[in-house]
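Visitor: I have a structure I would like to understand better, so I am pasting it below and will then ask my questions one at a time.
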Amino acid sequence: MELIQFAQRNHGLLLRALSEHIQMVLIALILSVLLAGVLTIVAMFYKRVGTFLTYIFSIVYSIPSIALFALMIPLPGMGLGRNTAIAVLVLYNQFMLLRNFITGLNGVDPAIVEAATGMGMTKAQLIYKVRVPLSLKPIFVGIRLALVSTIAIAIIAAFIGAGGIGLLVTIGLETGNDNRILWGVILAAGLGIITNAALVWVERKIK
Amino acid sequence: MMPSTTVAIEYQHVCKRFNGANYNAVNDVDLRIYEGEFITILGSSGSGKTTLLKMTNRLLDPDSGDIILFGENIRDVDPVLVRRRIGYAIQQVGLFPHMTIAENIATVPKLLKWDKMRIDDRVRELTVLVGLEPDEFLTRYPAQLSGGQQQRVGLARALAIDPKIMLLDEPFGAIDAINRLNLQDELKRIHGGLKKTFLFVTHDINEALKLGTRVIVMNEGRVCQFDTPENIVKNPTDGFVESLIRSCREQERFW
């Protein structure tokens, strides 16, 4: 009951945290997908680059997020705040996106690829006319996984002053305010679960 | 049929060895194919017949030797352009599952940016040519067709821009005996009406002898014999061709 009263008194605070969080996540996701898309196309033309990038980003992915946030702060153009947080989120996403995109595009039935090549499609035509339309599912799965993990990792971004739901938790911890902490957890988990469920539903519609 | 004197395909001492292998997959193939011939390439798996076929549209490149199509050395031509001039059909068909039958057949005309009217007319014409009813099939997707119907679409797609040369890699290999006979007859009919050069790979000796105006028999990368079906049956040049024909006769004994 106390939890509900807290929300009634502070609904402005909660809504602002939620909307800041969603904004940060969406910007990070769009930039992530754009970057991963470009890198995937490069990887389709130069296989070794793809292997190398996947390897590098798998290392990035294994760095604990709070450490990566801290590491980025001293870099030129970074510092405290939302932009640094978004840069970190974009870096984290590359591994999951690249791996799903590249395996998806390479997973197209070899007979279809042979027929298309034999008919005289260029490598680029093969990608956009055949490979991409036939790997919508793995591409979408990659985006869903990236989105859900971004929602979670963005909580940590509050430590470097990026705001969002994480701020409820950090301030709650500092001031010993259990209601704040709980609301932070509820919003973060709720956002993650609802987004995931919605995307799984969309995914089923894709053949 | 009186063969034309125009050389459509010429292999000049063509050799191909795959990475890591210690033998040549195709070993010094040297022969000429004239325009309008229906050439079948007969051989068991590993004989190099598919490798020879794939070098003809530059899906593979020879290590040495040259391939000349209508007087032009294809080594000097962009592979994409070589392929767009040649029809290509394979056993697994490889239809695009996300496109309708009409879109599948229109693939190469679209790559060549034909206008829509011309594409539509050509697609209907081809559908009829391969024995399918346009109104019934054109809006369907490949998954809604039987194996035999899919291969008919594969042939239509390969014939789309009226290529002078058609490469067919065991196109009927996965089709049941009855449909296979029908498709063989129709392919023969299509060839007869079109004045095209067909290169047809198969491991089925009956199919090779039935369809080919001349037959290339391959074993271990080499051409054992290149002759008309009659001559191959009457005068096999070496033990391998002889054993092929004997095995075929032995099968007939069951009847």
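The values are calculated or read from the model by the stated rules, or taken from the named source; none is laboratory data. Computed from a predicted structure; not experimentally measured. Neighbour counts are summed over all protein chains in view; Cβ atoms, including those assigned to glycine, are modelled from backbone coordinates with ideal geometry. The protein model used for the area step is the full one, side chains on, heavy atoms only, and it has no ligands, DNA or RNA in it. Shrake-Rupley method; radii C 1.70, N 1.55, O 1.52, S 1.80 Å.
Visitor: Over what distance in Å are the Cα centres of segment A:1-68 and segment B:72-132 separated?
Guide: If we compute the Cα centre of each part, the gap is 43 Å.
Visitor: If I fit a long axis through the Cα atoms of helix B:147-158 and take the longest principal axis of the Cα atoms of chain B, what angle between them do I get, 0 to 90°, rounded to 10?
Guide: Around 90 degrees separate the two axes.
Visitor: Now, a different point. What are the residues of segment B:152-166 that lose 20 Å² or more of accessible area, with a 1.4 Å probe, going from their chain alone to all protein chains?
Guide: Output list: B:157.
Visitor: Please compute the per residue accessible area over the protein assembly as shown with all protein chains in place, 1.4 Å probe, rounded to a whole number of Å².
Guide: Result: 49 Å² per residue.
Visitor: At the nearest 100 Å², what buried accessible area, both sides summed, do you get for A and B when the probe is 1.4 Å?
Guide: Buried area between the two chains comes out at roughly 1600 Å².
Visitor: Could you compute how fast chain B diffuses translationally, taking Rh as the Kirkwood radius over C-alpha pairs and applying Stokes-Einstein at 25 °C with viscosity 0.890 mPa s? Give it in µm² per second.
Guide: In µm²/s, the coefficient is 129.
Visitor: Which listed residue (B:40, B:166, B:80) has the Cα farthest towards the positive end of the charge dipole for chain B, taking +1 on Lys and Arg C-beta and -1 on Asp and Glu C-beta about the Cα centre?
Guide: Final value for the positive-end residue is B:80.
Visitor: Tell me the volume per residue, in Å³, of the convex hull enclosing the alpha carbons of the protein assembly as shown.
Guide: Measuring per residue, one finds 216 Å³ for the Cα hull of the protein assembly as shown.
Visitor: Taking only the Cα atoms of segment B:168-212, how large is their convex hull per residue, in Å³?
Guide: Roughly 64 Å³ of hull volume per residue.
Visitor: Next question. Ignoring ligands, DNA and RNA, please state the percent of accessible area on the protein assembly as shown from carbon and sulfur, probe 1.4 Å.
Guide: On the protein assembly as shown, the fraction of accessible area on carbon and sulfur atoms equals 59 percent.
Visitor: Where the centre of each part is set by its Cα atoms, how far does segment B:1-65 sit from segment B:183-255, in angstrom?
Guide: Centre-to-centre distance over Cα atoms comes out at 16 Å.
Visitor: Based on DSSP loop calls and a cut-off of at most 12 other Cβ atoms within 10 Å, the longest stretch of chain B free of exposed trypsin sites (Lys or Arg not before Pro) is what?
Guide: That would be B:1-112.
Visitor: Still on this structure, please answer the following. Hey, if we sort A:114, B:103 by accessible area with the 1.4 Å probe, largest down, what's the order?
Guide: B:103, A:114
Visitor: How many percent of Cα pairs in segment B:142-255 exceed 18 Å?
Guide: So the portion of pairs separated by more than 18 Å is 56 percent.
Visitor: With all protein chains present and a 1.4 Å probe, how do A:42, B:77 order by accessible area, largest first?
Guide: A:42, B:77
Visitor: Take the Cβ-Cβ distance between residue B:31 and residue B:246 as r, set R0 to 22 Å, and report the resulting FRET efficiency rounded to the nearest 0.05.
Guide: Working: r = 25 Å, r/R0 = 1.13.
Result of the calculation: an efficiency of 0.30.
Visitor: OK, next. Please state the equivalent ellipsoid semi-axes for segment B:1-96: what are the square roots of 5 times the Cα gyration tensor eigenvalues, largest first, in whole Å?
Guide: In descending order the semi-axes read 21, 17, 15 Å.
Visitor: Using only Cα atoms, find the angle between the long axis of helix A:136-156 and the longest principal axis of chain A, and express it within 0 to 90 degrees, rounded to the nearest 10.
Guide: It is inclined by approximately 30 degrees.
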